[in-house]
Each structure stands twice: as structure tokens, then as C-alpha cells.
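Asks: Supplied in C-alpha cells, the structure appears directly below.
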Amino acid sequence: MERTPLDAELAERVTALRLETAKVVEGVLSGLHRSPRRGASVVFVEHRDYRPGDDPRLLDWRAFARNDRHVTKHFEQETALSLHVWLDGSSSMRFGEGPEEKARYAATLLASFVQLAHEQRDAVAALVCDDEVREALPARSSQAHLSAVMTLLASRTLGRRRTSLSALGPAAERLTRRGVVIVASDLLDFDERALEPLERLAERGHDVRVFQVLTREELELPGDAPTRFEGLEGEPPVEADPAQVREAYRAELEAHIARMRERLLDAGAEHRLVVTDEPIVEVVTRSLLERGPAGRRGARMRPRWA
Amino acid sequence: MGLSAPLALAAALFVALPVIAHLVRRADVERRVLPSVALLRRVVVRDRRRARVTEPWLLALRVVAVLAAALALAGPFLVERVAYGDGSALSLVIVLDDSASMARRESGGESVFDEARDRARAIIRSLGEGSEVAIVLAGAPPRVVAPRSTDRAIASTALDHARVGARRTDVPGAIALATRQLAGAHLAARRVVVLSDFAFESDAPLPSSGGVELEAVPLGASGPFDNLGIVDARASVDPLERGAWSVVVEVQAASDPAPPSVTVAIETLAPGAGLPAPDALELARVSAPIEGGRARATLRFTPPGGGDRVAVRLLDTRDASPFDDERVVALEEPRASRVVVVEPAGRHTGRFIARALAALSSASSSVLASTIDVDGLSSVPSGRLAPSDAPQPDPLAGADVLVLASAVPSSGLGLEAVRGFVEGGGGLLVAPSATTRAGDLAALEALLPARVGAVEVAPPRDPAEPSVRRGAAGALLPSGPTGLETMAIRSLLRLEAPDDEVVLSSAAGSPLLVVDREHRRAVLAIGLDDEMSDLPFRPGFLPLAASLVHALARPGILPDRPFIAGEAPSLAVDEGVTLVELVTPSGEVLRRRPDHGAVSLDDLADPGAYTLRAEANGQLRVLTDAALVLVPPAEEIDLRPHPPADAATRDPDAREGEAHHAIARWFFLALGLLAALEGFWRHQAWLARRAPWRRVA
């Protein structure tokens, strides 16, 4: 296990997260067909076992001749960017069953990117917040730091706090070096100033990617009996018949999503709506492959792993 | 329909509970977590009205369930009027009074008879399964119109055809008849129900017998009872004016107090027309004072066109029963009895009886007398019978009564003539003379109602004691002082006769007058002259002669006086008559075939004039020689109830009750069904809650 002292439940979560992340990363790399690291540097770092999907041109034929093993050569490169993953740890993210829980899904999604970044020796920083920043880890590229990041994402044990993206303001101001900021949140923050930190980051040249994670139930509001709906962040309950209000609710939700998307795109950030029943590997792959001109202002940076 | 515990309906107020619960939507509302509840709130706030009532069908189900429970607790029941007891099977005879008094109309316009018939129908409807029912009508004479049967349609049909007739009331007789109807009933419960207005005088308790329960149901007890009715109306030829008639009308006022007077009118009545007569022409009207509850009016009139009947009507009576306010009076001259008095040759032994009959003839035109000689049984008729001197080959032709006044035919021809006359239906009165010997009447003994002996000298008597006593058949004697009791008898013919045929007897018990009314034969022990007694000089001689003639006279084909229903004489018809048609006052034609030369009229009940037609030798002819008028009985004018003492103590509705059929079980079943529906509903909801999107916080 990791060096970070973990309790049994958290250890189990971390293990599960890493297993899931490994699968995702493996799938992502297999799906990309072409190694993004080809020709990145000339400084040899290490050999790794060949895995399907690796570029055959990276095979170390000499090592094969000596050891009769297929290994690939990896070279160290300069890292100018760092990856910042920000996880929404508010109570509203604790919705959904099992792997479709929004918090778990979001953590897995972010961990996948973290793993990918770590694979190419990028520094990774992590932050969990609700109505304030709960935990934050600075950008590092060591293995131990990776474990700490993974542990932080796996824990996601936060109180019943409201979503408040404005809490990211101070953290955003502290990001002086441009990098990639990936945010996973349900964006159920209806404050007009909620997106301002992300907008400012994007305007300062950061590659801001926002994954709005929602469940299918939130999107469709199923059910046909009068129901007392209760929020997770202390909102007063609402009694309604889903059959009667479904269409209006969908319209309201779509309007909210569109509003968020509009603002992010205007700021040059990327917005993706993710439903928790979608396979994460597809989400990550699609995010990497479709990463072209991010936002309406176009991509200002392209990480090497993208 | 009713409720055993109406206060339990207050439980229906609990219907407010599900209504409130559904309005506030707190009970049974599924709880779910939705992070985007803030968005949903915006929608709900906009659409609060539609979300006001939740699950309306479930609310309706629960409201109905609460109401069903409240109704079930209240114990609803259906009420069924049960005529008798608990509706178990019984043998029942319904005695329905169809006498004239039942025609009285109550304030609602319905007659008491209609009420009785409706009550009878209700009783029949409410009888238990397997019950037997019979219908007996209590108008005299009592009749069984529906024999005891489990088929109620028979009784119902009989009720449909029953109607009020001009009959007397014979409730006791009807009860006795009903009791006999129940004699063979196989059911243990036997009951007689009497539906009557009890407007008849009877001090005797209602008859009853063991095993039969009697129920008297007085009807129309609330009145009104004031009534005027025609007791009698007789027409006679007015001797002062040719073609004119006079009608004496007697009216009874059965009201308290009686009106001071009554107006009586005579109206024309066309043949075949019933009462009230349409297009009637008033011929006479008179107002008569009512004294002591009675009024007597005499109306003189000349009928136009020689009509044979008129209608007598009481005007402006406004009484309870119009049934007895009109009456038909036939304008028929009474049929005279034709008497032939036979005297010995050269002696006028029949002079007293002949003069008496002549006096009766001039007084009432009811007797036509003639005198003939015994030897030839032929003489010149006198009086109105034969105004001309034309020879009559048969002196007995057309005669009704033959009087042998001390004259006994000695020739075989004379005896044969007498025997033939008597056997042909003629009446015979034989009177001896002081010289009559025992053998003289031997030839006629077969025709006499008594065995005859010799003429004896009357024994001396005490002047202080009556010489004559009224016999068992003394009803034939005139009422009032007649002087017959002190009659002086010098000699008499010894007679031996049954006691019930003796009209007069001597103080010693020897029969003086024997009358066989069935065969219309009579024999007198003393003569009709003054040889054997002073009978001709007694005041009672004339009425006695009239009574004898009427008793011995050949009956007419039709009664010459009105009769009441149930008491009509048989209609004697000739042998050649094969069919008799009776046209009722309402125009209905009743066809009767004679039985042994007679047609029964007992079933006639509608008051009014009946026209008779007889078919003989293929020809139908109208019988016009007498009137056939049916009138209501005078006893039925008094409508005030006089129920028997034991019947008066009975509550008319005592046996009637209400059967309650509880229907709460239907509401309990409905309640269970509703509960099952809600259970099913909840099960479906539970299944739905297992859907992945449902999770309670």
C-alpha cells in the first residue's frame, strides 16, 4: 500500500480507485494506438515491459537480444506544464449508486488523468473543495506524490457542504504557471459568480477542462408517483409528481447546463457533460481525441499527453 | 331503508382525514433524494396548482372506504312492509268486504274498497314462500272467488275482478266461509284477515274457530260518514191523470246532524242506459223535510214517449257515498193475480171472498177475480178481466188461483179440470160448507195440504179466551188488530196437517187454515161464507184474503219489486227458452242457459235496471212483462263503523310490521374490496420504489 497511513475503508477505496484507473489508462493508451511520447526526449530514463498498444518502434531490440524480453525504452523530457485536478467534494456529489455515484465517478475520472500525467512524468496537483478548499496537494511528479493524490481522490469523505465553485478563487489565483486544470463537478452551484475562478484561469492561459458529472436520474427525473424530493445540501424539500413536472424540470436543467457551458466556452474553457453510466474510458478517450481547439478562443496549450 | 345506528354516520367525518392527508401530501408520499432539487423547486413553484392534490384516485378510494365504513357501522337496512308476522309460510284467507258501503269515497278520492283491495294486494305480496291464499268476498251472500292456492296469481286476478256491488254486508258469514276454506290447509299457521269498513250492525263477536287466527282490519275509519241514501222508491199509476205516474221516495239520512231537507228529482232514463244517465231530462223535483233521519217525497210526472223506467236522484247531497243517491224505478204496472171463485150451483158461498177480491182489485189492481159455477166450471167473468160477454171455452185459462168456496166438483170432468189446473202450477184454496161430508173432499185429498175428516160442531169455548191462535206459519196473517182471535166458530172441518203449515188453529189446537206455500195449496177448516163462522165479518178477512191470494198465486216470470244483490229470485222461464241474455246497466250482455227451467240471478251486483232477452225457437225476444231492478240495500246507507267488540280492540296495523334486511355486509364487502385495491396499489408502489432511482435519504 501507499506510505500514507490509511484506514481500512480508505485503503480499500484507494485500491479500487487505482485498479479502476489502471484499467482506464490501459484502455486509453490502447485506444490511442499511437504513443503520445514518441520522440519526446533523448534522455534515457528506464525500460518498461512492452504492453500491447506501445509503439513497436520503442522496443529495445538490444535488450530483447540480451534478455529475450520485449521492453520499451523511455526517455526523460522537460516538463513545462503541470496537471491540476480539482474535485467537487460537496454533498451533492454523494448521489448515485455504487460506481455511478457522482463523487466516485468524478474521482475515478480525475485519477485517470492523474495516472496518465504521472506516466509521462508530469507534475500533478490535486484539490478537493466544497464551499471552501478542504484539501490540496501541490504539483509533484514523484511516485509518493502520486499515491498521496490517489489517496486524496479516493477519500472524498467530506461533510455535507454546499457546492461553491467560488471557493476555488484563492487557489486559482495561486496558479502562476500555466497548466492544465481539470475540474470534475456537478456544477449545481447557481451563484452567478460561481464560475468566475475558472473563467479567470482560462483567460490567463490555463487549459481548463470542466467535466459536469450528473447521474441519469438527475437528467431524466424518472418516477410516476408524487414524491418528496430532498436535497443533499440542506435545501428545503420539494413535493412534486415527476410525471407532471418532468418536462419542465428537464427544460430547467438543460437551461442550466447550457448556461454553464456557454460561460465556460466564452472564457475559453472546455465543458463536457458526463453521465455517470457512461464508461469512464470512453469519456477520457473522447476527451483526449477530441481535444482540439478548446473553447471558442482555441487551445492555447497542448499537453504532450493529449 | 333505515339505519340501526344513525349516530355512527358521524364516522363519515373521518373522510376529512384522507382529504387533508392528500392535500398536505405528507402521508404515503415517497421520499427521494435529488441533488438538483433547487431546479425542481423553480418548476414546482411555477406549477403549484397542479401539484396541489396528489394521487386523486387513491384519495377517492380512501374517501369511499371511509364512507363505506361509516355506513357499515351505521347498520343500514332495507325496510319491507310485512303484512303478517315474520313472513313465514301460512294459509291465509282474505275476507274482502264488497258490500255497498265500501263504495264510500274518502277525502283522497279513493274508495274504501280500493283501499281494501290495495291492502289485500300488499298482503299477498308480502306472504312468505309456500303460503296459501284464498279470497272470500263478504257481500251477501259470501262467496269464494279465489280458492286456497299457493298460486298467488289466482288471488290477484280475483282481486282485479272484484268490485263493489249492491250487497248487504255479511262479514260473519264470510268469516265462517273462510274458516271452512282453511279446514284442509296443510300449513299449521292459519289466518283469516277481514278487510272491511265494518259499517254494519252486529253485536255478535266475530266467529272464530280453533287453530284459525282472526284479524280484523277496519278501513276508512277516518270518515267522512255523513250520507243520504234512497231507501225505497216505488212507482204507481196516478189514478187522477191518464199516463201519469207517481213515485214515492223514502230517504234515510245517516248523518249527525242530518240536513233539514233533501231534494229529490225524477229524470228520464233510456233503456240500456246506466247511472248516472247521460242526457237525462228532469221530469220532477221536490224538496222534502228530513224528520227523525227520514224523508218521504212524492213526485208526480208524465214520462215522455212512454218510457218504461226513470231515475230517482238525490240532488246536492255532497255525501260520502254516491252509490245510493240514485235508483232506477221501473214504470211497470204490477202484474195482477187472477182468481177464479167456484161456487155450488144456485148458492153464493163465494160471495164474500169475491167481494173482498173485488175490493182488492179496485184498490191495488193486483187481483182480478171472477166467479163460476161448479158444475160447469164455467161462468161469466166479472170485473176488468172480461169486460165483454164473449164466451170463454176454458174458464180457468189464465187463472192463477182457484178458490173452491164450498164447492166440490162432483163430475170427473170437473175434478180433472181442477187437478190439471193445480198440477199446472195454479194455486188452490178449498173451503168446506157446513154440510160437507168427509167423503166429499176425498177426491181432492191428493191436492190438499192436510188430511181432512168430517165437519164437526165446534166445542163451546170460554168467551174470555180467544177462539183462534196463530199457528207456526202465522206470518201469513196480517199484522195489527184483525179480530180473528175472537172469531165465533160454529162448526169446522177436522184437519190433520204438519205444524209448520198451520196458519190458524182453534183454541183446542185443531187447524183452521193450512197453507202449503211450496205447492201453493191451502185448505180452510171453516167456510168462506157465514155458515160455519163469522170470519167474513172480521176486519182481518180482507187482508187475509189478499195474503192468501198472493201466497197461492202463480209466481211471475220476474219479480215485480226491486231486489238487492244476492237476494234475487230465480228467473223462471218456459221450457222452450234455451238462452237468456241479461243486459246490465253498464251495457254488458250476460248470457245464461236455463237450468231446470230457471236462471239464477244471484251474481248480479251492479245497481240499475236489467233488460232481459230470451231466446226460444231460435228467436230472441225481449221480456217486458216485469221490471228487473237491482237496488242497494238500505242497511248500507249508514256508513258509520260498528265493528264488533272484539274487533274494535285490534290495531289495524298490529300484524303489519317492518322486516329489516341488513345490508351492512355489502358495505363491509365494499370496504374489503377497497382495502384490497389499496393493498394492490401499495404493492405496485413498493415494486416501483425498488427502481434504482428511488432511494430514501
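The values are calculated or read from the model by the stated rules, or taken from the named source; none is laboratory data. It should be emphasised that the depicted structure is a prediction, and the values quoted were computed from it without experimental measurement. Here the Cβ positions follow ideal geometry from the backbone for every residue, glycine too, while neighbour counts run over all protein chains shown.
Asks: Taking B:G425 as meeting all but one of (1) in contact with a Ser or Thr (Cβ under 6 Å, 6 or more places away or on another chain); (2) surrounded by fewer than 21 Cβ atoms within 10 Å (Cβ to Cβ); (3) of a type outside the set (V, I, T); (4) part of a loop (DSSP other than H, G, I, E, B), write down the number of the exception.
Replies: (1)
Asks: If only one of B:T317, B:T349 is among the β-branched types (V, I, T), touching a residue at least 40 places away in the same chain (Cβ under 8 Å) and either closer than 29 Å to B:S107 by Cβ or surrounded by fewer than 23 Cβ atoms within 10 Å (Cβ to Cβ) (or both), which one is it?
Replies: When all the criteria are applied, what remains is B:T317.
Asks: Of all residues in the stretch B:428-460, which are loosely packed, with under 15 Cβ neighbours inside 10 Å and not in a strand (DSSP E or B)?
Replies: B:T435, B:R437, B:A438, B:G439, B:A442, B:E445, B:A446, B:P459, B:P460
Asks: Can I ask one more? Look at the stretch B:485-541 and say how many of its residues are more than 16 Å from B:E456 (Cα to Cα) and of a type in the set (S, T, N, Q).
Replies: So the count comes out to 1.
Asks: Right, another one. Check A:H206 against each of (1) over 23 Å from A:E290 (Cβ atoms); (2) crowded, with 21+ Cβ neighbours inside 10 Å and name the one condition it does not meet.
Replies: (1)
Asks: Something else now. Give the stretch A:179-193 a look and list any residue that's crowded, with 21+ Cβ neighbours inside 10 Å and either over 19 Å from A:L153 (Cβ atoms) or within 14 Å of chain B (Cβ to nearest Cβ) (or both), or say none. Explain how you work it out, then say what you get.
Replies: Going through the stretch A:179-193, the residues crowded, with 21+ Cβ neighbours inside 10 Å turn out to be A:179-189.
A:S185, A:D186, A:L187, A:L188, A:D189 - these are the residues of the stretch A:179-193 that are crowded, with 21+ Cβ neighbours inside 10 Å and either over 19 Å from A:L153 (Cβ atoms) or within 14 Å of chain B (Cβ to nearest Cβ) (or both).
Asks: Inside the stretch B:134-170, can you point out the residues that are β-branched (V, I, T), within 15 Å of the chain's Cα centre (by Cα) and under 16 Å from B:F113 (Cβ atoms)?
Replies: The answer is B:V136, B:V145, B:V164, B:T169.
Asks: For B:G657, all conditions in the list (1) modelled with pLDDT of 80 or more; (2) more than 14 Å from chain A (Cβ to nearest Cβ) hold save one; what is the number of the exception?
Replies: It is condition (1) that B:G657 fails.
Asks: Still on this structure: Looking at the stretch A:253-266, is at least one residue buried (at least 16 other Cβ atoms within 10 Å of the Cβ) and within 8 Å of chain B (Cβ to nearest Cβ)?
Replies: The answer is yes; a qualifying residue exists.
Asks: While we're on this one: In the list B:L484, B:L513, B:L528, which residue meets the criterion of being assigned to a strand (DSSP E or B) and either farther than 22 Å from B:L552 by Cα or not basic (K, R) (or both)?
Replies: The unique qualifying residue is B:L513.
Asks: Please go through the stretch A:198-249 and pick out each residue that is assigned to a helix (DSSP H, G or I), at the interface with chain B (Cβ under 7 Å from one of its Cβ atoms) and of a type outside the set (D, E).
Replies: A:Q244, A:V245, A:A248, A:Y249
Asks: Tell me, which residue of the stretch B:408-460 that is among the acidic types (D, E) and more than 18 Å from B:G350 (Cβ to Cβ) is modelled with the highest pLDDT?
Replies: B:E456
Asks: When you scan the stretch A:191-212, do you find a residue that is aromatic (F, W, Y) and either free of Cβ contacts under 8 Å to residues at least 24 places away in the same chain or out of contact with any helix residue (DSSP H, G or I) (no Cβ under 8 Å at 6 or more places or on another chain) (or both), even just one? Outline the logic, then answer.
Replies: Filtering the stretch A:191-212 for residues aromatic (F, W, Y) gives A:211.
Adding the requirement that they be either free of Cβ contacts under 8 Å to residues at least 24 places away in the same chain or out of contact with any helix residue (DSSP H, G or I) (no Cβ under 8 Å at 6 or more places or on another chain) (or both) leaves none.
Looking for residues that are aromatic (F, W, Y) and either free of Cβ contacts under 8 Å to residues at least 24 places away in the same chain or out of contact with any helix residue (DSSP H, G or I) (no Cβ under 8 Å at 6 or more places or on another chain) (or both), one finds none in the stretch A:191-212, hence no.
Asks: Give me a count of the residues in the stretch B:163-174 that are part of a loop (DSSP other than H, G, I, E, B) and surrounded by fewer than 21 Cβ atoms within 10 Å (Cβ to Cβ).
Replies: The total comes to 1.
Asks: Which ones in the stretch B:1-45 are at pLDDT below 85 and among the hydroxyl-bearing types (S, T, Y)?
Replies: Once the filter is applied, which keeps residues that are at pLDDT below 85 and among the hydroxyl-bearing types (S, T, Y), the stretch B:1-45 yields only B:S4.
Asks: For the stretch A:265-279, indicate whether the set of residues that are of a type in the set (S, T, N, Q) and not in a helix (DSSP H, G or I) is non-empty.
Replies: Checking the stretch A:265-279: at least one residue is of a type in the set (S, T, N, Q) and not in a helix (DSSP H, G or I).
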